[in-house]
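K.L.:
This is the structure I have questions about; it appears just below.
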Amino acid sequence: MEATNILPILKKRLAFLSGGKDRRSGLILTIPLCTEQTSMEELSSTLDYLLGIPSDKCKARGFTVIVDGRRSQWNIVKTVVLMLQNVIPAEVSLVCVVKPDEFWDKKVTHFCFWKEKDRLGFEVILVSANKLTRYIEPCQLTDEFGGSLVYDHMDWVNKRLVFEKFTKESTSLLDELVVINESEKSNQLDKERPPDCNFLPSVDPETVLQTGHELLSELQQRRFNGSEGGGVAWSPMDDELLAQPQVMKLLDSLREQYTKYQEVCRQRSKRSQLEEIQTKVMQVVNWLEGPGTEQLRTQWGIGDSIRASQALQQKHEEIESQHSEWFAVYVELNQQIAALLSAGDEEALVELKGLQQQLSDVCYRQASQLESRQNVLQSAHEFHGTAQDLSQQLDGLLGMLCADMAPADGAAIQQTLKHLEEKLKSVEGALAGLREKGQVLTDQMSNQTTWSYGKDVPIENKENIDHIQGVMEDMQLRKQRCEDMVDVRRLKMLQMVQLFKCEEDASQAVEWLGELLDALLKTHIRLGDDAQDTKVLLEKHKKFVDVAQSTYDYGRQLLQATVVLCQSLRCTTRSSGDTLPRLNRVWKQFSVTSEERVHRLEMACSFHTAAEKVLVQASPEQGDLRVEVEQETYEEVETVGKALLDRLTVPVIFPDGSEQYFGSPGDMASSAVHIRDKMKLVEDRKLTLHEEDEDFEQLQYDQIHDQDEELQDDEDLQDDQELQEVDKELQDGEELELETNTQKS
């Protein structure tokens with residue numbers, strides 16, 4: 001009987017097991033009668049349910065039944081006691097009828113139950129509530145009998161419902177799990193029998209286990225009645241009532257079967273995963289070896305241009321995109337297989353490794369072919385791109401070579417030549433890169449294979465390889481033609497550089513010669529301070545003329561080379577132009593100017609020589625050594641000086657009729673002043689010499705006259721001196737004589 005079947009009756013509290021025990025350790029069954037009429041049928045059902053709870057061991061110790069008749073009539077109490085004989089005669093050891101204090105005839109009631117003792121099979125005593133502790137300890141009595149045992153009937157009913165629900169669910173679950181586990185065991189023994197994967201427990205084992213653990217925890221804490229207060233709490237569903245052991249046993253059995261069931265589920269999951277993996281692996285393998293391989297087999301070209309190679313690359317990217325989806329499935333499958341392998345299932349180990357190896361081989365082979373094809377297309381794209389760049393460079397180089405040259409000067413030619421060399425070098429580098437990329441592409445295509453019927457089959461690439469070789473040979477021929485044209489253009493441009501250089505140097509020679517002429521006219525104006533200085537100027541002028549002559553000869557040679565180069569270049573439009581006339585004109589002007597300069601210096605030298613001859617021979621320092629200057633010398637100084645002065649005023653007349661003066665008018669005036677000064681100096685010296693001659697004659701006369709007078713004076717002086725000496729001698733004789741006479745006296 002289950003509590004749910006008589007739940008309304010149980011809630012009426014017609015009888016209950018409070019968990020208390022008598023002194024014999026027998027359970028106490030309490031029947032609280034009330035003022036209302038008690039249904040014996042309901043009471044019987046309640047007793048049947050309650051007496052089915054304890055174990056046989058507990059029942060063997062007997063029950064002490066407390067019939068609380070304090071709020072009931074005697075006949076009802078009697079009926080209940082007699083009913084106990086029919087319900088639990090062997091299990092009842094003592095019936096304590098709690099009587100009211102003022103009712104019932106003690107003697108009658110006592111006699112009645114005593115008389116019926118042998119027939120009843122148990123002892124019945126009448127006792128008041130306060131005397132009940134004589135038979136039962138207070139701690140085993142509920143508070144309504146003055147005891148301290150806490151009992152909550154509704155809480156007990158609820159916990160009992162939980163217990164029975166757990167017992168029912170766990171028992172049913174155990175049966176289901178046993179059936180499932182046994183069925184799985186049979187399936188493992190008979191592998192050809194299809195497993196019933198849809199056979200699952202009706203309830204969740206985890207939920208049932210959790211309920212059982214919570215129930216067991218409450219039982220172990222002896223708080224099944226829900227008491228939180230003080231006093232002794234005693235659960236009627238402890239091990240004496242078989243609650244805790246039964247729950248533990250059910251939990252152990254449930255855990256055991258659930259563990260087996262989990263293993264069954266795991267095996268089922270593994271089988272399901274394995275079957276799913278097998279299905280997916282075959283899908284991947286079949287697609288890669290079927291449509292995937294066919295796609296790659298049909299794509300073997302490399303295109304004939306960069307645009308064609310780009311289209312092939314785009315098509316290959318679409319193929320790779322389709323393969324990527326299957327490769328993603330491969331990665332997922334590989335992870336699943338690795339997880340199953342790490343689980344260590346020896347039964348599926350070999351099969352899983354076989355699937356993994358088969359899947360990896362197919363995927364890696366297909367990925368390798370995709371990568372190889374991608375590398376070929378990338379190399380083809382680079383090859384066609386390099387070929388296109390090289391073709392454009394060759395076209396540009398050819399355009400430069402075919403264009404007419406109209407350089408402005410040698411620097412422009414040098415720049416053009418440098419640009420041409422750079423373009424040729426760039427073409428050579430591009431051709432080398434094209435050969436390298438072509439070789440790489442050829443090697444890749446030579447090693448390219450496809451998978452067909454379980455083996456590698458080489459791809460026929462002769463047409464592609466011939467195309468590559470043809471492109472490289474065509475580029476080599478175009479490059480060779482450009483090189484030949486570059487050599488011719490280089491020679492021609494070098495000759496033009498030389499032509500421009502000769503023309504430039506010739507113009508420079510004209511400029512130099514013009515500068516020499518300008519310097520001759522403007523700075524070569526001194527005629528010298530004396531003959532020696534003038535001779536030095538003549539020597540310098542000769543050297544100056546030699547430099548001008550060398551410059552003129554250099555210019556003539558350059559112009560002759562220009563003519564030869566123009567003939568070599570067949571450049572009829574170019575010639576020496578006005579350079580040669582300018583060179584000849586400047587040279588003639590320089591020659592005329594140089595000759596005039598020489599004439600002036602020679603005249604100056606003659607003038608200075610004659611003037612110095614006059615000045616030196618008539619110099620006062622000569623003294624008596626002075627030489628008489630001839631009259632012709634004075635005349636020469638005067639004649640040459642006047643001619644030189646006249647020449648200084650005359651300009652240089654060039655062959656074209658133009659005129660040019662030496663230096664500035666001030667410079668010429670200064671030179672003229674110097675010449676005039678020197679002429680005046682010579683004239684003055686001439687006059688001075690004439691006066692000196694006259695003075696010299698007078699001086700000679702005066703000297704002779706003076707000498708005569710000096711001689712006369714000397715004679716007179718000598719006579720006077722002789723007379724004075726005679727007189728002195730006479731005077732000295734007289735004095736001596738006088739002195740002698742004096743001494744004698």
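The values are calculated or read from the model by the stated rules, or taken from the named source; none is laboratory data. This is a predicted model, so every value here is computed, not measured. We place every Cβ from the backbone using ideal geometry, glycine too, and count neighbours over all the protein chains shown. The protein model used for the area step is the full one, side chains on, heavy atoms only, and it has no ligands, DNA or RNA in it. Shrake-Rupley method; radii C 1.70, N 1.55, O 1.52, S 1.80 Å.
K.L.:
Could you compute the net charge surrounding residue 205? Neighbours are other residues with a C-beta less than 12 Å from the C-beta of residue 205; K and R count +1, D and E count -1.
P.N.:
-3
K.L.:
Ordering 529, 505 from largest to smallest accessible area (1.4 angstrom probe), what's the sequence?
P.N.:
From most exposed to least exposed: 529, 505.
K.L.:
Whenever you get a sec, line up 605, 96, 265, 402 from highest to lowest accessible area (probe 1.4 Å, protein heavy atoms).
P.N.:
Heavy-atom accessible area, descending, gives 402, 265, 605, 96.
K.L.:
Can you give the local net charge around residue 3? Use residues other than it whose beta-carbon is closer than 15 angstrom to its beta-carbon, Lys and Arg +1, Asp and Glu -1.
P.N.:
In short, +1.
K.L.:
I'd like to know which of 135, 178, 148 lies farthest towards the positive end of the charge dipole of segment 135-188, counting +1 on Cβ of Lys and Arg and -1 on Cβ of Asp and Glu.
P.N.:
My answer, from the dipole projection, is 178.
K.L.:
Once all Cα-Cα distances of segment 288-363 are split into 5 Å bins that start at 0, what whole-number percent is in each one?
P.N.:
Per 5 Å bin, starting at zero, the Cα-Cα P(r) for segment 288-363 comes out as 3, 13, 19, 17, 12, 10, 9, 6, 5, 3, 2, 0 percent.
K.L.:
Which value, in Å² rounded to 10, gives the accessible area of residue 160 with a 1.4 Å probe and all protein chains present?
P.N.:
Ignoring ligands and nucleic acids, residue 160 comes out at about 20 Å².
K.L.:
To continue, here is another question. Taking 0.36 nm per residue of separation and subtracting the Cα-Cα distance, what length does fully extending residue 588 through residue 536 add?
P.N.:
Full-extension gain reported as 16.2 nm.
K.L.:
Here is a further query. Between residue 389 and residue 252, what FRET efficiency follows from the Cβ-Cβ distance if R0 is 60 Å, with the result rounded to 0.05?
P.N.:
Plugging the Cβ-Cβ distance into 1/(1 + (r/R0)^6) gives 0.10.
K.L.:
Here's something else I'd like to know. Provide the solvent-accessible area of residue 78, counting protein heavy atoms only and rolling a 1.4 Å probe, rounded to the nearest 10 Å².
P.N.:
Number for this one is 70 Å².
K.L.:
When the C-alpha atoms of segment 134-182 are aligned to their principal axes, what extent does each axis show, in angstrom, from largest down?
P.N.:
Principal-axis extents of the Cα atoms in segment 134-182, largest first: 58, 21, 10 Å.
K.L.:
Can you compute the label reach from residue 186? Point 7 Å from Cα along the Cβ direction, backbone N cut-off under 18 Å, restricted to segment 265-299.
P.N.:
265, 268
K.L.:
Taking a label point 7 Å from the Cα of residue 324 along the Cα→Cβ vector, which residues of segment 281-299 have an amide N closer than 19 Å to it?
P.N.:
From segment 281-299, the list is 288, 292-293, 295-296.
K.L.:
Moving on. With every protein chain in place, what's the accessible area of residue 40 (1.4 Å probe, Å², nearest 10)?
P.N.:
Roll a 1.4 Å probe over it and residue 40 shows about 50 Å².
K.L.:
State in Å² the accessible area per residue of segment 28-69; use a 1.4 Å probe, count heavy atoms of protein chains only, and round to the nearest integer.
P.N.:
It amounts to 36 Å² per residue over segment 28-69.
K.L.:
Any idea what % of Cα-Cα pairs in segment 456-599 are farther than 19 Å?
P.N.:
So the pairs more than 19 Å apart make up 68 percent of the total in segment 456-599.
K.L.:
Here is a further query. To two decimal places, what compactness ratio does segment 41-95 give when its Cα radius of gyration is scaled by 2.2 N^0.38 Å?
P.N.:
So segment 41-95 has a normalised radius of gyration of 1.15.
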